[in-house]
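Take a look at the structure set out below.
The values are calculated or read from the model by the stated rules, or taken from the named source; none is laboratory data. Because the structure is predicted, anything quoted here is derived from the model rather than measured. Glycine also receives a Cβ, built like all others from the backbone with ideal geometry; neighbour counts cover every protein chain displayed.
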Amino acid sequence: MHKSKELIAEIQARETSPQAYPRSLQENALVRIEGILETCRTMDSQRHEKLLTKEGPRGITVHPDPKHKSLLEEILRPSLDDHLKEPYSIDFAFHQNKFPYGIHTDSGYDENEQIYKQGIIPLDVSPKEASVYTVIFKEKVYHSTGFPLKDTSVIVRGCSVEPLQNMSGHTEKIESYLLPPEASQLTVALPFKWKRGSMAIWDRAHLHCSSLFAEAGIESKTGLMWITRRV
Ligand SMILES: [Fe+2]
């Protein structure tokens, strides 16, 4: 089931332009976050009844347990509350990817969910000097999807009116050879270059993807993804 027109209108009323915040987190906060990742990864390998780490050829996903989720929230709330103006609940997932994520949305499958903002906090890129991006497109879909879409009518093109230039005070563009071929059908709203201490925030309806790895010599990248719903 898709979200109702009324709910989508309510979600759209709170939407803002995707933004990059270059100096969002201090080094001590990042070190604490990395400590939580290591603890959760170790805990999982010992706790067979409740595996929260998924390891596959494409990389590792770690979902923090409730205690460490609270710790992450404590570290991040001061930074997030500057940008998220509505009451929200939050979830986290660490991703260590060896291959780039394709174009998708994280809009959720709950037809009643009041999806809100999501963001990425880069922790590590290997090799360090290589450039990798999370690319957020103007186009939006209000339930989770991959791309190409089976039903293109769910793209709400009419609401995508964000200006493309200097959205966050930077002019950096991504080279087209770093984008998957399907991206040629879409419009880049924010090319967020991964840099330790920075954070990108966008509305959950936006299609987004990682820039390509092999073309840029990327072996892996590790980041903390967060996702919110209005409560
Ligand atoms: Fe995503």
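For the range 179-212, name all the residues that are surrounded by fewer than 20 Cβ atoms within 10 Å (Cβ to Cβ) and small (Gly, Ala, Ser).
The answer is Ser184, Gly197, Ser198.
Answer yes or no: is there a residue in the range 145-156 that is modelled with pLDDT of 85 or more, crowded, with 17+ Cβ neighbours inside 10 Å and not in a loop (DSSP other than H, G, I, E, B).
Step one: list which residues in the range 145-156 are modelled with pLDDT of 85 or more, which gives none.
No.
Name the residue that is nearest to the ligand (Cβ to nearest atom), counting only residues in the range 96-121 that are part of a loop (DSSP other than H, G, I, E, B) and under 25 Å from Asp82 (Cβ atoms).
Filtering the range 96-121 down to residues part of a loop (DSSP other than H, G, I, E, B) leaves 98-103, 106-114.
Adding the requirement that they be under 25 Å from Asp82 (Cβ atoms) leaves 106-108, 113-114.
Numbers: Asp106: 4, Ser107: 10, Gly108: 11, Glu113: 15, Gln114: 18 Å.
Here the answer is Asp106.
Select from the range 127-136 the residues that are farther than 14 Å from Ala205 by Cα and within 15 Å of the ligand (Cβ to nearest atom) and list them in ascending order.
Pass one, the range 127-136, residues farther than 14 Å from Ala205 by Cα: 127-134.
Passing the criteria: Val132, Tyr133, Thr134.
If I ask for residues that are assigned to a helix (DSSP H, G or I), within 21 Å of Leu76 (Cβ to Cβ) and either of a type in the set (A, V, I, L, M, F, W, C) or modelled with pLDDT under 95 (or both), which ones from the range 3-31 would you list? Walk me through it before giving the result.
First, the residues of the range 3-31 that are assigned to a helix (DSSP H, G or I): 5-12, 27-31.
Retained after the next criterion (residues that are within 21 Å of Leu76 (Cβ to Cβ)): 27-31.
Ala29, Leu30, Val31 - these are the residues of the range 3-31 that are assigned to a helix (DSSP H, G or I), within 21 Å of Leu76 (Cβ to Cβ) and either of a type in the set (A, V, I, L, M, F, W, C) or modelled with pLDDT under 95 (or both).
Return the residues of the range 76-95 that are within 18 Å of the chain's Cα centre (by Cα), touching a residue at least 24 places away in the same chain (Cβ under 8 Å) and either surrounded by fewer than 14 Cβ atoms within 10 Å (Cβ to Cβ) or more than 16 Å from the ligand (Cβ to nearest atom) (or both); say none if nothing qualifies.
Within the range 76-95, Leu76, Ser79, Leu80, His83, Leu84, Tyr88, Ser89 qualify.
Residues that are within 16 Å of the ligand (Cβ to nearest atom) and part of a helix (DSSP H, G or I): does the range 176-188 have at least one? Steps first, answer last, please.
In the first step, residues of the range 176-188 are kept if they are within 16 Å of the ligand (Cβ to nearest atom); the result is 179-180, 182-183, 186, 188.
Now drop any that are not part of a helix (DSSP H, G or I), which leaves 182-183.
Yes, because at least one residue in the range 176-188 is within 16 Å of the ligand (Cβ to nearest atom) and part of a helix (DSSP H, G or I).
Is there a residue in the range 32-53 that is modelled with pLDDT under 90 and assigned to a strand (DSSP E or B)?
The answer is yes; a qualifying residue exists.
Can you name the residue in the range 189-231 that is part of a loop (DSSP other than H, G, I, E, B) and of a type in the set (Lys, Arg) and, of all such residues, is farthest from Glu73 (Cα to Cα)? Lay out the reasoning, then the answer.
In the first step, residues of the range 189-231 are kept if they are part of a loop (DSSP other than H, G, I, E, B); the result is 194-198, 204-205, 211-213, 217-219, 231.
So of that shortlist, the ones also of a type in the set (Lys, Arg) come out as 195-196, 204.
Values: Lys195: 21, Arg196: 19, Arg204: 19 Å.
Once the filter is applied, the top-ranked residue is Lys195.
Would it be correct to say that Asp124 is of a type in the set (Asp, Glu), within 16 Å of the ligand (Cβ to nearest atom), in contact with a strand residue (DSSP E or B) (Cβ under 6 Å, 6 or more places away or on another chain) and touching a residue at least 24 places away in the same chain (Cβ under 8 Å)? If you could, list the steps in order and put the result at the bottom.
On the way: of a type in the set (Asp, Glu): yes; within 16 Å of the ligand (Cβ to nearest atom): no; in contact with a strand residue (DSSP E or B) (Cβ under 6 Å, 6 or more places away or on another chain): yes; touching a residue at least 24 places away in the same chain (Cβ under 8 Å): yes.
For Asp124, the condition - of a type in the set (Asp, Glu), within 16 Å of the ligand (Cβ to nearest atom), in contact with a strand residue (DSSP E or B) (Cβ under 6 Å, 6 or more places away or on another chain) and touching a residue at least 24 places away in the same chain (Cβ under 8 Å) - is not met.
In the range 54-75, which residue that is among the small types (Gly, Ala, Ser) and at pLDDT below 95 is surrounded by the most Cβ atoms within 10 Å (Cβ to Cβ)?
Looking at residues that are among the small types (Gly, Ala, Ser) and at pLDDT below 95, I get Gly59.
Would you check which residues across the range 174-231 are within 10 Å of the chain's Cα centre (by Cα) and basic (Lys, Arg) and list them?
Selection gives Arg204 alone.
Could you grab me the full set of residues in the range 25-43 that are β-branched (Val, Ile, Thr) and touching a residue at least 60 places away in the same chain (Cβ under 8 Å)? So that I can check it myself, show each step before the final result.
Initial filter on the range 25-43 (β-branched (Val, Ile, Thr)): 31, 33, 36, 39, 42.
Matches in the range 25-43: Ile33 only.
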